[in-house]
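Reviewing the structure listed below.
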Amino acid sequence: MTEPVITVRHLDHFFGEGEASKQALFDVNLAVGRGSLTILMGPSGSGKTTLLTLMGCLREVGSGSVMLLEHELCGADEALRVDLRRRLGFVFQAHNLHDSLTARQNVMMGLQVHGRGDPARHARAADHLLGLLGLGERLHYLPGNLSGGQKQRVAIARALVSNPNIIFADEPTAALDKVSGMAAVQLFKELGRTRGTTTVMVTHDPRILDLADRIVTLEDGRIVRDHPGPARNEPLAAPV
Amino acid sequence: MTAFLTRLLGRLPVGYLQLTHSPGRLLAALAGVAFANVLVFVQLGLAGSMAESVAIPYRLFQPNLLILSPVESETLTDAATLPRQRLFQALVHPDVTGGTSIYVGRSTWISGHDASSSIQFFGLASDAGSFLHDALAAPLVSLSLSDTALVDTLTRFVDMRGFVGATPDAPVPFEIQNRQLGAVGNVSIGGGFGGDGVFLVSDQTFFHLFPQRSSATPSHILLGLAPGADPGRVAAELVQLYPPDTVRIRAVTDAMAQEVRYQMTERPTGLIFAFGVVIGMVVGIVIAYQVLSADVADHLREYATFKAMGFRQSFFIGIILEEAIILAAIGFWPGLAFSALFYQTLAYLTNIPIFMTPERAVAVFVGTILACALSGILAMRKLAAAQPADLF
Ligand SMILES: Nc1ncnc2c1ncn2[C@@H]1O[C@H](COP(=O)(O)OP(=O)(O)O)[C@@H](O)[C@H]1O
Ligand SMILES: [Mg+2]
């Protein structure tokens with residue numbers, strides 16, 4: 001595979017302290033190549049979200065090692081994690097749009113995280129992406145006036161607009177109808193091909209599995225299966 | 001507005017958009033800020049009016065004089081007296097060109113069946129003209145006739161219309177202290193917190209009204225100085241002439257400033273006003289804090305999302321300060337308008353000198369911004385509850 005952008009070694013994760021402590025991940029090892037689409041699968045409570053938040057710098061890594069974009073996350077301070085998050089895109093199960101900002105303004109926030117810039121240019125970039133996602137007519141709508149699927153597409157545009165290195169998505173298509181769900185994942189694949197954007201996604205949608213380069217299955221906090229997906233067109237990384 | 005703020009801030013005005021998205025909350029917040037502003041303005045207005053009403057009688061005198069007062073007198077109208085001897089003792093100083101005695105007394109004027117006003121009388125010697133405000137020199141002459149007075153057309157609780165335009169040729173009679181007086185002219189001084197009006201009479205008339213007072217014991221003594229003489233130096237040298245701790249000698253302007261400070265910091269009324277200002281500010285801070293922290297609480301998911309996207313703490317501080325400053329900058333104006341209206345009404349009803357000054361408006365505006373910013377900083381603590389890891 002291409003050079004890995006994420007390398008996870010011997011990752012354990014515990015929630016809580018002492019007696020009440022509960023282990024959610026056990027010795028997870030994983031390498032994700034640049035530009036690939038990796039799918040995380042597994043039953044509810046198996047640790048998919050936990051793994052995603054650890055790789056996405058949203059949680060502190062306490063033991064083992066996570067190399068993300070050439071930075072070690074184990075023991076990394078908050079400032080480094082915030083900096084790294086700016087190079088990532090998140091699509092949550094819930095859209096989490098800001099209810100007082102229009103579709104365009106919500107997407108523009110994805111650019112403004114990188115500091116001052118020309119607002120007109122930000123608006124054009126947002127409009128372009130919203131157009132690609134079929135929301136060209138809804139630029140000035142507040143989230144309250146959009147359907148669930150439309151809101152989720154705005155959230156996807158917000159994650160993609162700053163051209164992130166890696167996209168983390170947790171069941172992003174749950175709120176989408178079949179057509180726009182597929183269209184969104186096609187867009188992720190397209191970005192992987194053209195820009196080397198890597199996608200790590202939790203999903204159970206069988207048609208999306210067909211597009212995966214790699215399918216990782218978790219059970220009870222352990223990786224039980226890690227195999228190439230139907231769309232894989234490159235060799236798997238050597239076992240780590 | 002959004003475009004303007006976007007240019008100003010270099011980012012989308014998220015705080016502004018958030019505030020205007022819930023108009024009900026915004027209106028409540030603005031009303032709260034305006035209310036707190038009115039509280040503060042009322043207290044500052046009353047305090048300012050007290051300072052002003054304390055200062056006004058001093059303006060009867062030329063400002064470049066020295067005033068000799070009994071040591072126990074904190075105010076111009078204290079009952080204490082000092083020996084007139086002090087005036088003659090001062091005249092030996094080469095820089096003292098002259099002096100005059102001032103007699104101060106208070107009386108109640110029953111002007112109708114249930115109308116009464118507390119009148120402050122100033123008894124002036126016939127040679128006092130050169131020590132008084134230029135505008136008083138001429139009318140002073142008409143007081144030489146016994147039992148005449150210059151009456152204050154702004155006196156409270158009395159219909160003074162009949163006294164306007166009184167002259168020595170057409171005196172307006174009135175009765176006070178069981179004595180028949182004639183108004184032969186007007187002054188416009190007005191009541192303050194200590195009285196309802198100020199009447200000027202000759203020293204002879206003063207002794208008719210206050211038979212227990214004598215010319216030997218004036219309330220204050222005014223001294224004129226040679227041109228170019230330094231009042232501070234002359235005062236210091238004069239003190240040496242008197243038995244220790246018997247006289248206070250100050251420039252008229254200093255005496256006025258000291259009495260203002262005394263009334264504001266050592267008398268209950270002054271302290272009550274200061275306390276009222278603090279209460280007003282606390283009310284404002286609490287209201288703004290309530291609104292801002294409720295707003296943060298309502299947007300925790302959005303803030304957590306922004307945190308996940310990589311926005312730093314400074315961004316959130318910016319949003320909350322943006323909201324705080326908008327609340328302050330908009331809420332101030334209705335507060336100012338209400339307060340100005342209140343001042344006018346109060347001035348009309350009570351004749352106290354209360355009015356809006358630009359300095360006070362600017363000070364309250366700045367104070368409002370700072371108080372709202374403080375509320376914002378307090379509300380910021382709620383932000384810690386926004387955890388991006390919980391979003392998935
Ligand atoms: N914040 C948390 N505190 C305590 N336990 C948690 C927390 N988040 C998840 N867990 C536990 O960790 C395990 C894995 O959860 P999660 O990663 O959400 O699974 P999945 O996303 O695969 O459904 C579950 O047993 C869950 O109860
Ligand atoms: Mg999950």
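The values are calculated or read from the model by the stated rules, or taken from the named source; none is laboratory data. Source: prediction; values computed, not measured. All Cβ positions, glycine included, derive from the backbone under ideal geometry; neighbour counts span all protein chains shown. Protein only, heavy atoms only, side chains kept; ligands, DNA and RNA dropped before computing areas. Shrake-Rupley method; radii C 1.70, N 1.55, O 1.52, S 1.80 Å.
Looking at B:Val38, B:Val71, which is the one that is closer than 30 Å to B:Pro231 by Cβ, among the hydrophobic types (A, V, I, L, M, F, W, C), open to solvent by 20 Å² or more (accessible area, probe 1.4 Å) and more than 14 Å from chain A (Cβ to nearest Cβ)?
B:Val71
Given (1) within 14 Å of chain A (Cβ to nearest Cβ); (2) in contact with a helix residue (DSSP H, G or I) (Cβ under 8 Å, 6 or more places away or on another chain), where does B:Ala361 come up short, assuming only one miss?
With respect to (1) within 14 Å of chain A (Cβ to nearest Cβ); (2) in contact with a helix residue (DSSP H, G or I) (Cβ under 8 Å, 6 or more places away or on another chain), B:Ala361 is out only on (1).
Check B:Pro94, B:Pro63 and return the single one that is open to solvent by 10 Å² or more (accessible area, probe 1.4 Å), in a loop (DSSP other than H, G, I, E, B) and closer than 23 Å to B:Leu132 by Cβ.
Going through B:Pro94, B:Pro63 in turn, just one is open to solvent by 10 Å² or more (accessible area, probe 1.4 Å), in a loop (DSSP other than H, G, I, E, B) and closer than 23 Å to B:Leu132 by Cβ: B:Pro63.
The conditions are (1) without any contact (Cβ under 8 Å) to a residue 12 or more places away in the chain; (2) closer than 25 Å to B:Leu19 by Cα; (3) among the acidic types (Asp, Glu), and B:Asp295 fails exactly one of them. Which is it?
(1)
Got a sec? Which helices (runs of 4 or more DSSP H) wholly within region A:36-149 have at least 2 residues that are within 16 Å of ligand 1 (Cβ to nearest atom)?
A:48-55
Considering region B:379-389 alone, what residues qualify as being in a helix (DSSP H, G or I) and surrounded by fewer than 17 Cβ atoms within 10 Å (Cβ to Cβ)?
B:Arg381, B:Ala384, B:Ala385 - these are the residues of region B:379-389 that are in a helix (DSSP H, G or I) and surrounded by fewer than 17 Cβ atoms within 10 Å (Cβ to Cβ).
Each row is one residue, and each column tells you yes or no for (1) touching a strand residue (DSSP E or B) at 6+ places or on another chain (Cβ under 6 Å); (2) open to solvent by 20 Å² or more (accessible area, probe 1.4 Å); (3) more than 14 Å from chain B (Cβ to nearest Cβ).
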site	(1), (2), (3)
A:Ala20	no, yes, yes
A:Val66	yes, no, yes
A:Leu73	yes, no, no
A:Leu80	no, yes, no
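For the subset of region B:1-18 comprising residues that are surrounded by fewer than 18 Cβ atoms within 10 Å (Cβ to Cβ) and part of a loop (DSSP other than H, G, I, E, B), which member is nearest to the other protein chains (Cβ to nearest Cβ)?
B:Gly10
Take region B:115-133 and flag every residue that is without any contact (Cβ under 8 Å) to a residue 60 or more places away in the chain and open to solvent by 30 Å² or more (accessible area, probe 1.4 Å).
B:Ser116, B:Asp127
Do the conditions hold for B:Glu359, that is, is it open to solvent by less than 60 Å² (accessible area, probe 1.4 Å), free of Cβ contacts under 8 Å to residues at least 12 places away in the same chain and assigned to a helix (DSSP H, G or I)?
Criteria not met by B:Glu359.
Please go through region A:157-171 and give me each residue that is closer than 12 Å to A:Asn106 by Cα and either within 16 Å of ligand 2 (Cβ to nearest atom) or within 11 Å of another protein chain (Cβ to nearest Cβ) (or both), ordered by number.
Of everything in region A:157-171, those that are closer than 12 Å to A:Asn106 by Cα and either within 16 Å of ligand 2 (Cβ to nearest atom) or within 11 Å of another protein chain (Cβ to nearest Cβ) (or both) turn out to be A:Arg158, A:Ala159, A:Val161.
Take the residues of region A:22-45 that are of a type in the set (Gly, Ala, Ser) and within 14 Å of another protein chain (Cβ to nearest Cβ): which is farthest from ligand 2 (Cβ to nearest atom)?
A:Ala24
Across region B:74-90, what is the number of residues that are in a loop (DSSP other than H, G, I, E, B), open to solvent by 40 Å² or more (accessible area, probe 1.4 Å) and under 24 Å from B:Leu241 (Cβ atoms)?
Count: 5.
Counting only residues that are more than 20 Å from A:Arg193 (Cα to Cα), within 16 Å of ligand 1 (Cβ to nearest atom) and either open to solvent by less than 10 Å² (accessible area, probe 1.4 Å) or over 13 Å from the mean Cα position of the chain (by Cα) (or both), how many does region A:154-171 have?
1
I'm told A:His98 meets every condition in (1) more than 8 Å from every other protein chain (Cβ to nearest Cβ); (2) modelled with pLDDT of 90 or more except one. Can you identify the failing condition by its number?
(1)
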